[in-house]
Amino acid sequence: MSSAASVTPESQPPLVVSLPGNALRAALGPVPDGVELIDWDMKGPAPLPHIDIVVQPYMGATPLLANLAGTSTRLVQSQSIGYDGVADVLPGGHVFANAASVHETSTAELTLALILASQRGIPDFVRAAGEGRWAPARHASLADRTVLIIGYGGVGQAIEARLLPFEVNVVRVASSARQGETGPIHGIAELPELLPQADIVVVGVPLSESTHHLVDDAFLAAMPDGALLVNIARGPVADTAALLAHAGRGRLRLALDVTDPEPLPAGHPLFTLPNVLISPHVGGASTAMMPRMARLLADQIERMLQGDAPRNVVVRS
């Protein structure tokens with residue numbers, strides 16, 4: 001028999017998971033034996049030299065990743081799908097996962113709400129009602145429109161699934177052309193030929209060097225008069241000056257969940273245009289978020305306990 005002490009599950013150190021607030025802790029519920037939950041909002045130094053899973057706060061938390069310096073982790077778990085800027089801030093030696101599977105449902109819902117409200121004139125009706133006026137008008141349907149979805153990841157596919165029952169023609173665009181389950185997927189290089197055919201353009205690409213100001217003057221100029229641009233990606237994917245130029249003269253309509261700058265300062269010209277509908281970056285902010293985030297985190301914990309690789313890894317520093 002070996003003289004070394006046998007290792008039992010009871011002798012293993014606990015799997016330490018830091019949570020940024022009570023909402024996720026409540027949604028997570030009971031955790032398996034051998035898991036220790038601690039509170040850390042990442043706004044100061046880490047409370048321990050090693051934390052197995054660090055859950056990042058939701059929204060605007062990328063700069064806080066710098067506070068991981070001097071702390072070892074096995075996984076840094078985001079609560080957002082986008083991870084632009086993470087590689088520039090994340091100290092060396094960390095594995096970072098995004099929250100794919102958490103926000104697709106809510107973001108797709110909001111996208112449909114923005115499209116339907118814009119198409120059917122809901123902002124005009126709300127303004128008229130606020131003034132005590134009965135103002136009937138005939139607006140364009142969503143039915144029979146051609147909708148161009150730029151960015152065909154989880155969010156783009158969720159948007160498509162909700163659009164199809166509205167009897168639309170969906171055109172899909174990704175970084176490269178391929179055949180998808182519901183039809184052909186065009187490459188982004190084909191945009192100059194596709195944009196003139198679109199009544200509605202939904203932009204849902206990740207923010208990167210290649211997509212920064214993807215929506216510029218040339219992009220908007222290729223869209224037909226009266227078309228609707230919906231941005232649920234990141235604000236800097238669109239050139240704000242170009243948006244103002246085209247919407248300001250009434251040529252295009254805009255529905256924006258994200259803007260540049262963000263938040264928009266009080267009195268910004270985009271707020272004043274009747275053909276622009278703005279929501280304050282709330283695509284994923286619904287009651288659907290926390291249950292899905294808790295399911296993702298529970299799965300990551302189980303994977304780590306079993307020695308399996310985590311899901312959704314997008315950056316290794």
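Derivation of every value follows stated rules applied to the coordinates shown; laboratory data play no part. Just so we're clear, the structure is a prediction, and the values are computed from it rather than from any experiment. Neighbour counts are summed over all protein chains in view; Cβ atoms, including those assigned to glycine, are modelled from backbone coordinates with ideal geometry.
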The stretch 152-234: GluC sites (Glu not before Pro) in DSSP coil with no more than 16 other Cβ atoms inside 10 Å: Glu167, Glu181, Glu209
Rg to Rh, two decimals, where the chain supplies the alpha carbon set and Rh follows Kirkwood: 1.05
Ala266-Glu302 FRET efficiency (beta carbon distance; Förster radius 51 Å; 0.05 resolution): 0.65
Degrees, to the nearest 10: 289-306 long Cα axis against longest axis of the chain: 30 degrees
Principal-axis tilt of helix 154-163 within the chain, Cα atoms, nearest 10 degrees: 40 degrees
Pairs of Cα atoms farther than 24 Å apart, the stretch 42-155, %: 50 percent
Mean ellipticity per residue at 222 nm, deg cm²/dmol - from DSSP H runs of n ≥ 4 across the chain, formula -39500 (n - 2.57): -7500 deg cm²/dmol
Which of Pro123, Leu90, Trp40, positive extreme of dipole for the chain (C-beta unit charges): Pro123
The stretch 104-278 - charge dipole about Cα centre, Lys and Arg +1 at Cβ, Asp and Glu -1, debye rounded to 20: 480 debye
Spherically averaged projected area of the stretch 104-278 from its Cα convex hull (nm²): 10.2 nm²
Size of electric dipole in the chain: Cβ of Lys, Arg +1 and of Asp, Glu -1, about Cα centre, debye, nearest 20: 460 debye
